[in-house]
1. Of the peptides 89-95, 46-52, 134-140, 21-27, how do they stack up when ordered by the mean number of other Cβ atoms within 10 Å, highest first?
2. Computed FRET efficiency, Cβ-Cβ of Ala130 and Ser89, R0 22 Å: what is it to the nearest 0.05?
3. Calculate, for the stretch 76-154, the solvent-accessible area per residue in square angstrom, rolling a 1.4 angstrom probe over the heavy atoms of the protein chains.
4. Please list 121-127, 80-86 highest first by mean number of surrounding beta-carbon atoms within 10 Å per residue.
5. Given 4 °C and 1.567 mPa s, compute D for the stretch 8-161 with the Stokes-Einstein relation, Rh being the Kirkwood radius over Cα pairs; round to the nearest whole µm²/s.
6. Which of the residue pairs Lys2/Lys189; Lys22/Lys123; Lys7/Lys36; Lys36/Lys123 have a Cα-Cα distance greater than 29 Å in the structure shown?
7. Full extension from Ala152 to His28: what is 0.36 nm times the residue separation minus their Cα-Cα distance, to one decimal in nm?
Amino acid sequence: MKEYPSKFGFSVSHTTRSPRVKEIDGVHYHFAGRSKMEQDISEGEFLEFAHVHGNLYGTSIEAVESVTDEGKRCILDIDVQGARSVRASSLEAIFIFVCPPSFEELEKRLRARGTETEEQIQKRLRNARAELDQSNSPGLFDHLLVNDNLEACYENLKKLLSLDDDHKDSDGCFIEDGKATACYSIMSKTESEVFLQSETGEVVKAAANLLAVDLSSLTGGAPGRTRGLKIHSINSIDNCLKGIR
Ligand SMILES: Nc1nc2c(ncn2[C@@H]2O[C@H](COP(=O)(O)OP(=O)(O)O)[C@@H](O)[C@H]2O)c(=O)[nH]1
Ligand SMILES: Nc1ncnc2c1ncn2[C@@H]1O[C@H](COP(=O)(O)OP(=O)(O)O)[C@@H](O)[C@H]1O
């Protein structure tokens, strides 16, 4: 997210766990009381929730919408139960299981963090074993990433998301056509439409030089946010603004 600030945003989860020393409410988590969070869940405000390590964690629809409303892809850091819920929903997502290089290394890292009591560490290790067992459940995760060296792990993450140096953060967007990718940047915006122009001039098959994105086709609700989004090619932006297609 730091390297691609206009492409990705983080879904700030709710949790009933107590904040750690450096954690900020609204940034790392929305720290919530259990009864309020349970009430919000029962009122349908959450996309998914799960009981993890004895606490309640959940992704609110608002948390995802605040990222997707900015035109960014939303990153969820959730447990395996949450991944199952999202998998079962209509959300289109890529599921990546991040695992430690070994169980011993995970234990070492958790102890070095020094934020849990011995009892909590034991509980987390038991749960980690159960989660590792589920990492190869058929049809659940698309990719498995081993987090040994952090830098190497991040480079592998970028590879599997096809994020390389040519795609460094810009205000543009990508339209993929088979193997080729056309890159567009925003030319102009109105209340109901965004106009995109090809950045390279060399457009891929089935892509055009100028595109209009019809925002009026968007419907509310995070899971269906971009469903039904209409994009069409146009000859000139001037004609479009005058109402001629
Ligand atoms: N289902 C679900 N799991 C979450 C959510 N937020 C965090 N988690 C998971 O809860 C677990 C514990 O998170 P946390 O207390 O921050 O501990 P840490 O990941 O060890 O630093 C991790 O596996 C997170 O991925 C959420 O919104 N939904
Ligand atoms: N590649 C890494 N090298 C060293 N320490 C790491 C690495 N990745 C994570 N850690 C440390 O391991 C501990 C657990 O990581 P965390 O991301 O909280 O795991 P999880 O979310 O699976 O519980 C933290 O103290 C974190 O800083």
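1. Numbers: 89-95: 12.7, 46-52: 19.9, 134-140: 11.1, 21-27: 9.1.
Highest mean packing first, the order is 46-52, 89-95, 134-140, 21-27.
2. Step by step, r from the Cβ atoms, then E = 0.45.
3. Working: 4990 Å² over 79 residues.
Per residue, the stretch 76-154 has 63 Å² of solvent-accessible surface.
4. Values: 121-127: 14.3, 80-86: 18.9.
Peptide ranking by packing, descending: 80-86, 121-127.
5. Details: Rh = 16.8 Å.
Diffusion coefficient, whole number: 77 µm²/s.
6. Working: Lys2/Lys189 26 Å; Lys22/Lys123 22 Å; Lys7/Lys36 32 Å; Lys36/Lys123 25 Å.
Distance filter (> 29 Å) returns Lys7/Lys36.
7. Numbers: separation 124, 0.36 × 124 = 44.64 nm, distance 2.42 nm.
Taking Ala152 through His28 to full extension adds about 42.2 nm, to one decimal.
The values are calculated or read from the model by the stated rules, or taken from the named source; none is laboratory data. Only a predicted model underlies this, so the values are computations on that prediction, with no experimental measurement involved. Quick reminder, even Gly has a Cβ in these numbers, built from the backbone with ideal geometry, and neighbours come from all protein chains shown. These area figures cover heavy atoms from the full protein model, side chains too; ligands, DNA and RNA do not enter into them. Shrake-Rupley method; radii C 1.70, N 1.55, O 1.52, S 1.80 Å.
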